[in-house]
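Have a look at the structure below, then the notes.
The values are calculated or read from the model by the stated rules, or taken from the named source; none is laboratory data. All values reported here derive from a predicted model rather than from experimental measurement. In this analysis, Cβ positions are derived from the backbone assuming ideal geometry, glycine residues included, and neighbour counts consider all displayed protein chains.
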Amino acid sequence: MSANQQKRNTIRKSVRVKRRALSNEEQQLAADKLCQTLIETPQVLEAETIALYLANDGEIALTPFIEWCWQQGKQVTLPVIHPFSKGHLLFLRYNENTQLVDNRFGIPEPQLSAVDVVPFKKIDVILTPLVAFDKQGGRLGMGGGFYDRTLASWYQKTQDSNQVALNTGRLVYPVGVAHDCQEVSAVPTEEWDIPLPQIITPTQSITGKLGSNRNSSEN
């Protein structure tokens, strides 16, 4: 294992301990504050379909936000581990009647059904879980690479054509969400890591390097 990988694992362990140590009251307050910021985010307001997740391992909960999405008539989707394409995700519709089953990591996900699969190109905003982040939009996940693979094609397109696709809104808009205690000074990155244009916590809305480039192009 390289020194960089060791550093990443050390950060994962440390941050996971911090977020799991939050009390139920602190978790609820954080979820409510996060929801308020999310519903004031232009990309979220304009979105018709939003991909998100069900909290696990101390992750910040999206329950208040999910309820708001349903009230607004937005389509909500959850990630499901792809049954045939190793290391990839599918996204399935999620509502009050969705049957959930635990995947191999013990995380609840919708029962796999072809009729409920939503093509990734139909998703407007994807809220990505993470373990640690920095103010440049760096994201450190659990280590499975699921979201990095999911966003790889999107990221490549943002690097092409002087970010035309990002500026015209034709691509999904990824937003990292996390507790404030998950911030680190700098995420030690690997070549496969996908940076995020925006990260939202209960007290911050951080514009990463991609988001800064997008804003500069619009001015």
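Taking segment 107-131, which residues are closer than 21 Å to Ala61 by Cβ and in a loop (DSSP other than H, G, I, E, B)?
So in segment 107-131, the residues closer than 21 Å to Ala61 by Cβ come out as 107-110, 123, 125-131.
If the condition is that a residue be closer than 21 Å to Ala61 by Cβ and in a loop (DSSP other than H, G, I, E, B), then Ile107, Ile123, Pro129, Leu130, Val131 are the ones that fit.
Counting just the residues of segment 152-186 that are outside any helix (DSSP H, G or I) and exposed (fewer than 13 other Cβ atoms within 10 Å of the Cβ), which one comes out modelled with the lowest pLDDT? It would help to see each step written out before you state the result.
Of segment 152-186, the ones outside any helix (DSSP H, G or I) are 160, 168-179, 183-186.
Still in the list and also exposed (fewer than 13 other Cβ atoms within 10 Å of the Cβ): 160, 168-170, 185-186.
Working: Asp160: 67, Thr168: 48, Gly169: 51, Arg170: 61, Ser185: 95, Ala186: 94.
Among those residues, the one meeting the criterion is Thr168.
Which residue pairs have Cβ atoms under 7 Å apart, sit 6 or more places apart or on different chains, and have a first residue in segment 29-49 that is in contact (Cβ under 8 Å) with a residue 60 or more places away in the chain and over 14 Å from Ile60 (Cα atoms) and a second that is surrounded by fewer than 17 Cβ atoms within 10 Å (Cβ to Cβ) and of a type outside the set (Ser, Thr, Tyr)?
The qualifying pairs are Thr49/Lys122.
Within segment 62-80, which residues are touching a residue at least 12 places away in the same chain (Cβ under 8 Å) and over 28 Å from Asn24 (Cβ atoms)?
Residues of segment 62-80 touching a residue at least 12 places away in the same chain (Cβ under 8 Å): 62-66, 68-70, 74-80.
If the condition is that a residue be touching a residue at least 12 places away in the same chain (Cβ under 8 Å) and over 28 Å from Asn24 (Cβ atoms), then Gln75 is the only one that fits.
Check off (1) modelled with pLDDT of 95 or more; (2) in a loop (DSSP other than H, G, I, E, B); (3) crowded, with 22+ Cβ neighbours inside 10 Å for Pro202 and give me the number that stays unchecked.
Answer for Pro202: the failing condition is (3).
Would you mind finding the one in Val125, Val118, Val101, Val131 that is farther than 26 Å from Glu183 by Cβ, hydrophobic (A, V, I, L, M, F, W, C) and in contact (Cβ under 8 Å) with a residue 40 or more places away in the chain?
Details: Val125 fails: farther than 26 Å from Glu183 by Cβ; Val101 fails: in contact (Cβ under 8 Å) with a residue 40 or more places away in the chain; Val131 fails: farther than 26 Å from Glu183 by Cβ.
Being farther than 26 Å from Glu183 by Cβ, hydrophobic (A, V, I, L, M, F, W, C) and in contact (Cβ under 8 Å) with a residue 40 or more places away in the chain holds for just one of Val125, Val118, Val101, Val131, which is Val118.
Could you say which residue among Ala55, Ala61, Ala30, Ala51 is over 13 Å from the mean Cα position of the chain (by Cα) and small (Gly, Ala, Ser)? Can you show your working first?
Details: Ala55 fails: over 13 Å from the mean Cα position of the chain (by Cα); Ala61 fails: over 13 Å from the mean Cα position of the chain (by Cα); Ala51 fails: over 13 Å from the mean Cα position of the chain (by Cα).
Ala30 is the lone residue from the list that is over 13 Å from the mean Cα position of the chain (by Cα) and small (Gly, Ala, Ser).
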